[in-house]
Every structure is written in C-alpha cells, then in structure tokens.
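Undergrad: One structure, pasted below without further comment.
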Amino acid sequence: MRKSFMVCLLAMFLVASMSIQALASGGGQPIESKTAIILASFGTTVPEAVSAITNIQAKVKKAFPGVPVKVTFTSNIIRSVWKERQADAKTWLGKGIPEEILYVRNIIATFGDLREEGYTDIIVQPTHMFFMEQSHDLTSYVNAMRSIRTMKQKWMPFHKIAMGRPALGTVGPQYDYHEDVEKAIKTLADDFAMAKKNKATLVYMGHGNEHWSTGIYSETAKAMREMYPDVKTIIGSVEGYPSIDDVLKCLSRTKGDKVILKPFMIVAGDHATNDMASEEDDSWKTLIEEQGLKVMPVLKGLGSNDAFAGIFVEHIRDAAKDAGIALK
C-alpha cells in the first residue's frame, strides 16, 4: 500500500512539473534556446580601417565557433555613409569590403534579423573603449529589448539578453575597471617597445565625448607610465579632457624631440587620418610639429592588435556567464 502511494505521489509530481513547464512556455513546448553575439562598434567610413573591426569579429568567431557573430554600427552618421555607398555596391565589394559592412544594420534591425532566424539568447558586446556616450545609448536600446513583455510567454521574442563591458571596463562594482585597464595596457607592450627603441614620447589620441567624464584617459595614462616607466606617455582626446591643448602643454615639458602618435581607438578611421595624422593646419601632427618635434604617426587601430581584440572575447564570456547564456 505504501509503495503504491509513493508511486502515485511521484506521478503527480511529474505531471505537475510538466504542467508548470507548459505554462511557462504559454501552453506549448519549451522553445530551444539559440545563442548569437552582436558586436556593436562605433563604426568607420574609412575602408582601410574596416579590418580592425573584422579582426575582432574573427577572434570572437574563433573563440565561439558554434555561435553567429553579427556586426552593427552604433553611429547613425557612419551607417548613413555606408547606405549611400550601397548604390555602388559592386565597386565597394570589389575593394574587399565585406557585405555585412556595406549593408551594416542598426542595433534594432540586427536584433530583428536574429529573432527571425530563431535566436533567443543574445549577447551584445560593444567594442567601445569605455562606458561613455555611445555605450550609454547602446544600453538604452538593449534595455528596451529586455523590457518587451508579451501576453503569452511563448511569444516573447528573446529569452535572455546580456551586454558585455567595453575594453577599459564600465561603471559599477561588479567588475573593477582598474583591472580591465591594466589588462588592456598589457596588450600594448609593442607600442611602448617601439617608443623606447626610438627614444620617443608616446602620444595616444582617444575619441572622448562632451557629455560624459573622460577622466578614464588620465587614469589610463597614469597606469601606462607606472607599467612602462621608461616611456613618457600622454593620452589626449578629440572631445573632452584632456584636449590637444593639454597634450601640447605636457609635450612642452618633455625632454626629447620625437613623438610617436597613435590612435587610442578601435579603428584608425577618420579621426586618425584627418584630425590626428594629416597635414592640415589643425591636425595633431601639425600642431605638435610646430613645437619643433618630429612626429611619427602610426595609423593602426587597436582592433588590429590580436591581444587587444582578445579582451572582447573575455568580456563576452563574462557577460554570458553572468546571464546564464550558453556559448556553444
């Protein structure tokens, strides 16, 4: 009698469990989770700079071979340029521009495409340098997708959505951005070796913004000087602090007559080719040369550095783990 009672009780438990699972999926069968990754880059309009973005994409694909990795550009202006170029698609594709870049989608469209393809668990990984204006806006889009609530659970477009942190980290206590900064600086050892060999000051140009603190550049420059004390290092930004005026003041107090000038950006795009390294009167190269210094511009974005690109692979892993998303 007792054995029969226990069998009946077990059967009731299994039925109840199946019923709860069915209710959770809206009365239908549970939907199998499929994971995809979105690499959200600021973007670039410079064809030669695209390889820095696709290099990061290649590293992520290699790390997670069973997961599709889509690229989106967060800059509306940059996407509009590529949209115009689509009218001459044959020419651009013939120059080696990947179709995914030529027809680059915004973040909303990329989410929509993945949902139509049956992907329910999404990791959005920004390839931004730090949590500033672009990452703030990207977070708003991601949170909007997370907020969708349908009447029936089975019609929910996504199960889980996670967002990784930028290269130098993000705000908040979960991950210490000082550790992210240190890891990033270690990937730049070749830059400091080059500067030391040439007995040159190393000047990086960051992007920055006018609406969010850019103090991270000063913190990073300080950490660089501590890790590589043999090289005088300065970081400035196109927008915000430290500006080119601050860079020039630092250089006026620096011994030596050589400067290696590099973009502290994912790509060596328009800012690097024009604002940093051009012969225009207001370029950083020109302004530094006016101080009697010899400038050696290096037009290579950080995304082309394999070790630096690997940072985003690790940040994707962290985001997936935190959200309980499987990376198969």
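Undergrad: Using a probe of 1.4 angstrom, how much of the accessible area of segment 82-137 is carbon and sulfur, in percent? Mind showing how you got there, number by number?
TA: Values: 1310 of 2700 Å².
Here carbon and sulfur together make up 48 percent of the probe-accessible area.
Undergrad: Could you list, in their original order, any pairs among Lys61/Lys328; Lys262/Lys294; Lys70/Lys152 whose Cα atoms are separated by more than 21 Å?
TA: Lys70/Lys152
Undergrad: Run the helix sum for the chain: -39,500 (n - 2.57) per DSSP H stretch of 4+ residues, divided by residue count, reported at 222 nm to the nearest 500 deg cm²/dmol.
TA: My calculation for the chain gives -13500 deg cm²/dmol from helical runs alone.
Undergrad: Of the peptides 171-180, 304-313, how do they stack up when ordered by the mean number of other Cβ atoms within 10 Å, highest first?
TA: Top to bottom by mean Cβ count within 10 Å: 304-313, 171-180.
Undergrad: If you don't mind, there's one more thing I want to ask. Taking 0.36 nm per intervening residue step and subtracting the Cα-Cα distance, what contour gain separates Asp88 from Lys196 on full extension?
TA: Details: separation 108, 0.36 × 108 = 38.88 nm, distance 4.51 nm.
Taking 0.36 nm per residue and subtracting the Cα distance, the gain is 34.4 nm.
Undergrad: Would you work out which of Ile325, Ser80, Ala221 lies farthest towards the positive end of the dipole of the chain? Charges go on Cβ: Lys and Arg +1, Asp and Glu -1.
TA: With unit charges placed on the Cβ atoms, the residue in question is Ile325.
Undergrad: Within the chain, which whole H helices from DSSP have a Cα span along their axis of at least 15 Å and a mean Kyte-Doolittle hydropathy of 1.0 or more, if any?
TA: Those that pass (Cα extent of 15 Å or more, hydropathy at least 1.0) are 2-24.
Undergrad: At 1.4 Å probe size, with every protein chain present, just tell me what the per residue accessible area of the chain comes to in Å².
TA: With the other protein chains kept in place, the chain gives 52 Å² per residue.
Undergrad: Give a residue-ordered list of calculated ³J(HN,Hα) values for segment 205-213 (Karplus: 6.51 cos²θ - 1.76 cosθ + 1.60, θ = phi - 60°; whole Hz; x for Gly, Pro).
TA: The phi angles translate into 9, x, 7, x, 6, 9, 10, 9, 4 Hz.
Undergrad: Positive end of the charge dipole of the chain (Lys, Arg +1 and Asp, Glu -1 on Cβ, about the Cα centre): tell me which of His159, Val313, Ile101 has its Cα farthest that way.
TA: Of the options given, the answer is His159.
Undergrad: Given the options Ala193, Leu251, Ser135, identify the residue whose Cα lies farthest towards the positive end of the charge dipole of the chain (+1 on Cβ of Lys, Arg; -1 on Cβ of Asp, Glu).
TA: Of the candidates, Ser135 comes out farthest on the positive side.
Undergrad: Charges at C-beta only: +1 for Lys and Arg, -1 for Asp and Glu. How large is the resulting dipole of the chain about its Cα centre, in Debye rounded to 20?
TA: Here the chain has a charge dipole of around 1540 debye.
Undergrad: Oh, and also: Any chance you could look up the accessible area of Val71 with a 1.4 Å probe, heavy atoms only, rounded to 10 Å²?
TA: Approximately 10 Å² for this residue.
Undergrad: Highest first, please rank the peptides 88-97, 128-137, 238-247 by the mean number of other Cβ atoms sitting within 10 Å of their residues.
TA: 128-137, 238-247, 88-97
Undergrad: Still on this structure, please answer the following. Give me the percent of accessible area attributable to carbon and sulfur for segment 186-301, probe 1.4 angstrom.
TA: For segment 186-301, the apolar C and S fraction of the accessible surface comes to 49 percent.
Undergrad: Starting from the Cα of Lys321, draw a straight line to each of the aspartates and glutamates and keep only those under 20 Å, dropping any in the same chain fewer than 8 residues away.
TA: Glu32, Asp121, Asp176, Glu179, Asp180
Undergrad: Same structure, new question: Going 7 Å from the Cα of Thr139 toward and past its Cβ, which residues in segment 192-224 have a backbone nitrogen under 12 Å from where you end up?
TA: Counting only backbone N, you get 213.
Undergrad: Under the definition of Cα pairs under 8 Å and six or more residues apart, what whole-number percent is the relative contact order of the chain?
TA: Details: 548 pairs, mean separation 66.4, N = 328.
Once divided by the residue count of the chain, the mean separation gives 20 percent.
Undergrad: Right, here's the next one. Which of the peptides 319-326, 118-125 is most tightly packed, and how do the rest follow, going by the mean number of other Cβ atoms within 10 Å of each residue?
TA: In descending order of packing, they fall as 118-125, 319-326.
Undergrad: Right, something else. Less than 15 Å apart at the alpha-carbon level, and either on another chain or at least 8 residues along: which aspartates and glutamates does that give for Lys300?
TA: Glu48, Asp190, Asp191, Asp270, Asp275
Undergrad: Now a separate question. Going 7 Å from the Cα of Asp257 toward and past its Cβ, which residues in segment 276-299 have a backbone nitrogen under 19 Å from where you end up?
TA: Under 19 Å, as judged by backbone N against the label point of Asp257, lie 285-297 of segment 276-299.
The values are calculated or read from the model by the stated rules, or taken from the named source; none is laboratory data. This one's a predicted model, so the numbers in the text were calculated from it and none came from an experiment. Ideal geometry is used to build each Cβ from the backbone, glycine not excepted, and the neighbour counts take in all protein chains shown. Please note that ligands, DNA and RNA were not included when accessible areas were found on the heavy atoms of the full protein model with its side chains. Shrake-Rupley method; radii C 1.70, N 1.55, O 1.52, S 1.80 Å.
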